[in-house]
Amino acid sequence: MQVGGVSPIAPPLDGPALFDQDWLSLFFLHWAVDPADVAPLLPTGTRPDVFDGAAYVGLVPFRMVDAGLGRRHPTPYLGTFLECNVRLYSVDDEGRHGVVFRSLEATRWFTAMSARWGYRLPYTWARMHVKQRGERWWWRSDRRYPGGGGSLRLTVDVGERVEPTDLEVFYTARWGLHSTLAGRTVWTPNEHKPWPLYAAHVVELQEDLVGRAGLRVPGEPTERVLYSPGVHTTFGLPAIIA
């Protein structure tokens, strides 16, 4: 069953794998925003994906582990790092529901700059730390390059496992990325098993990453915060769509 045009089950990749990786220890923080504020920030040929008339901004810190080309060829050291992304949700004329990244903090300079300069994703190099004690997690991030600020202070408690609402399926079950490369809009598909999700409670949140990504949101997330221990994901080959 689809939710707002989004399937909770990933369609199988058509063709060879470009790369794969593990996304672990993720936290999903979301805010509802006016679609008109999102539209100018999306690639050509896409528009804001909306649920009950609202667009959404996501802030997602997590651990990237064993990223590498193809399937199960992890890159030592460079393929494992901390990341935090600010993301929007898009749909194109073919009905592909994707993610658009506005920024991506990462702790590996070479990996971040390779993705920034090679694939034109808005990666930045950051100093990040994560700590866990029981059900409580602490995330800290400070952008290093490009300079000019960009920080996160997040403390969150993880609760019980939950079944996602329709809205939570809508913004977590995303099977591709819309991005811009050499002036063209590119679709890069991915697949993974459905997220195992847990309710979470924010104890402290201080950040300016969303604002620096060109978006205004209230201080506290407008939607339930979620945690996932993670999934293994695989990306297919990109295709030019506009």
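Assorted remarks:
- Cβ separations smaller than 8 Å between residues 6+ apart or across chains give the following pairs from the stretch 11-25 residues that are touching a residue at least 40 places away in the same chain (Cβ under 8 Å) and closer than 20 Å to Thr75 by Cα to residues that are among the aliphatic types (A, V, I, L, M) and surrounded by fewer than 16 Cβ atoms within 10 Å (Cβ to Cβ): Pro16/Leu237; Leu18/Leu69; Leu18/Leu237; Phe19/Leu69.
- Boolean, Val100 is surrounded by 15 or more Cβ atoms within 10 Å (Cβ to Cβ) and either closer than 14 Å to Ala213 by Cβ or among the polar types (S, T, N, Q) (or both): yes
- Any strands (runs of 3 or more DSSP E) falling wholly within the stretch 1-77 and containing at least 1 residues that are under 30 Å from Arg136 (Cα atoms), over 16 Å from the mean Cα position of the chain (by Cα) and not small (Gly, Ala, Ser): 17-33, 55-69
- Here is the figure for the stretch 129-162: residues that are surrounded by 15 or more Cβ atoms within 10 Å (Cβ to Cβ), touching a residue at least 24 places away in the same chain (Cβ under 8 Å) and either within 20 Å of Pro221 (Cα to Cα) or not basic (Lys, Arg) (or both) total 13.
- Looking only at residues of the stretch 183-242 that are acidic (Asp, Glu), at pLDDT 95 or above and assigned to a loop (DSSP other than H, G, I, E, B), we find that the one that is surrounded by the most Cβ atoms within 10 Å (Cβ to Cβ) is Glu223.
- The test for being small (Gly, Ala, Ser), in a strand (DSSP E or B), modelled with pLDDT of 95 or more and out of contact with any helix residue (DSSP H, G or I) (no Cβ under 7 Å at 6 or more places or on another chain) holds for Gly159.
- Flag for Ala112 being buried (at least 17 other Cβ atoms within 10 Å of the Cβ), in contact with a strand residue (DSSP E or B) (Cβ under 7 Å, 6 or more places away or on another chain), hydrophobic (A, V, I, L, M, F, W, C) and more than 22 Å from Arg140 (Cα to Cα): no
- Scanning the stretch 35-94 for residues that are among the polar types (S, T, N, Q) and surrounded by fewer than 17 Cβ atoms within 10 Å (Cβ to Cβ) gives Thr44, Thr75.
- Where strands (runs of 3 or more DSSP E) fall entirely within the stretch 78-153, those with at least 3 residues that are basic (Lys, Arg) and touching a Ser or Thr at 6+ places or on another chain (Cβ under 9 Å) are at 136-145.
- The single condition among (1) out of contact with any helix residue (DSSP H, G or I) (no Cβ under 8 Å at 6 or more places or on another chain); (2) in contact (Cβ under 8 Å) with a residue 60 or more places away in the chain; (3) not hydroxyl-bearing (Ser, Thr, Tyr) that Phe51 does not satisfy is (1).
- For beta carbons closer than 6 Å, sequence separation of 6+ or different chains, a first residue in the stretch 86-109 that is under 19 Å from Ile241 (Cα atoms) and a second that is polar (S, T, N, Q), the qualifying pairs are Ser90/Thr46; Asp92/Thr46; Gly98/Ser90; Val100/Ser90; Phe101/Asn85.
The values are calculated or read from the model by the stated rules, or taken from the named source; none is laboratory data. This one's a predicted model, so the numbers in the text were calculated from it and none came from an experiment. Note that each Cβ is placed from the backbone with ideal geometry, even for glycine, and that neighbours are counted across all protein chains shown.
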